[in-house]
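Report on the following structure.
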Amino acid sequence: MPATGETIARIARESTRRLVAFLAARSGDLAASEDALADAFAVALETWPLEGLPARPEAWLLTVARRRLIDGHRHGEVREEAAPALRWLAENALAEAAESETFPDERLKLMFVCAHPAIDPAARTPLMLQAVLGLDAATIAEAFLVKPAAMGQRLSRAKAKIRDAAIPFEVPASMRLPERLDAVLQAIYAAYGLSRDEVAGADPGRRELSLAAFELAGLLHRLLPEEPEAAGLLALMMHCEARRPGRQDAEGNYLPLSEQDPSRWSREGIWQADRLLARAAEARRLGRFQLEAAIQSCHSRRAHGGETDWAAITTFYEALCRQTRAAGAWVARAAALAQWRGVEEGLRALDELPLPVVADYQAYWALRAHLLRQRDPEAAAEAYRQAMHLCRDAAMREFLHRRLAELP
Amino acid sequence: MNYSLLVHEPPEGFAARTDPELQKAYWEGTMRYLQALREAGIFRGGAGLQAPSSATTVRYRDDKLQVQDGPYADTKDQLGGFFIIEVPNLDVALEWAGRFPRRPGVVVEVRPNLPQD
């Protein structure tokens, strides 16, 4: 079979991250594995067009990459701390795998490494996006509002830590699994959170990030099908994705959930999300992501012509507040309460929140402004300005600006 | 792979070593821990350190050797001792660090050692 650049590009697209995970899980050195595989692809680009596509391209690439890793050790390019890598080379596990038809998918282990408690929390989400999905540092940097060089440094520091401290490529023992899994879920959710309903996600960089997070959640659920929280996270995202077509009006302006036209939502997507959530709930291990998914499910119900059950949403948010104690959950509870019991109740719930916790939280000011519109337009205007000042999303800022201009 | 478990103690920890009411529990806890490391076959060395007031620092300043009373870091908490253990990876090292006797304010820092050859 002739091996064109396109074929090689396709193999690179489909297999690179699995190959990297496989190499890293055995060498303990993520950065060196990425380099070795990049070298292997460079060799492939030179030789495959001339000699034809190997019978098993992935095995071929692994063999070349492995040789690169060994050479790296021999020439001292890889520092001597890479003792685990040498151990692996001695064990020769890779040669064995290269001979077998398929090689195991080690991306789950890689995810656990990326969200390991010994990794800087600020590096976990970026590391997962880069190592597991192959997003480039510049794209990640843009989404996280840091300079590409700074993001590159953050990533390489984390990779050095993985190698030097010998963070194991393992799925944690069942005793430790819940807390460690939670870190993985949080890292994925953080990537997605930048583009959720409350935020318009119109910036292209953000959109790419949310798709990447969606992909990660799907992958995690496929690799850990029995974990209800992994399913919950995916169901939550599926609801948001199903409603995405309704999130902007014809001019591309951001529309809040309450003003969206449910006929533009994907009913098929909503149905699938609900089915997944129902299956997760059968395990009877309710966690924050199943709760979040349940809340989104309540919102999506309008697709079937139903009314939004604000009492149920308030109850779910209260359960969520007990689980996470996060400012976002308290603000969202106040919003639900305002819908259910009226503006006064919502404002009272907001007033009960400690200001130091919510002062820098855009959604708090946006909700406050919204609830104050009729009662106190001046205070509402001030809250809108505060929210705009804290807002990082262009379409969302535009929405807040419009609301401010429309004040009585 | 070898890791150092560096045990940082607050002043109360150092005081407990000689406190007639507290010292028994202090030393028994530490000794039991050491015993557990030995029984697991992972203990490769270590030492308990005397109080920071016994420390002397040596450094060059303007090409002159300067000897000075006191520990390196002028902090409330000080290094009280360390263990070197040989375990397969960081998770196992962290597991062992977590088993060090719980005392108020004690922090165990886990650092991979450089290879010896």
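The values are calculated or read from the model by the stated rules, or taken from the named source; none is laboratory data. This one's a predicted model, so the numbers in the text were calculated from it and none came from an experiment. Cβ atoms come from the backbone with ideal geometry, glycine included; neighbour counts cover every protein chain shown.
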Filter result for residue A:14 (within 23 Å of the chain's Cα centre (by Cα), free of Cβ contacts under 8 Å to residues at least 24 places away in the same chain and part of a helix (DSSP H, G or I)): yes
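Of the residues that sit in region A:175-195 and are in a loop (DSSP other than H, G, I, E, B) and either more than 14 Å from every other protein chain (Cβ to nearest Cβ) or surrounded by 24 or more Cβ atoms within 10 Å (Cβ to Cβ) (or both), which one is modelled with the highest pLDDT?
Here the residue is A:194.
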Selected residue [more than 22 Å from residue A:230 (Cα to Cα), out of contact with any Gly (no Cβ under 8 Å at 6 or more places or on another chain) and loosely packed, with under 14 Cβ neighbours inside 10 Å] from A:261, A:309, A:360: A:360
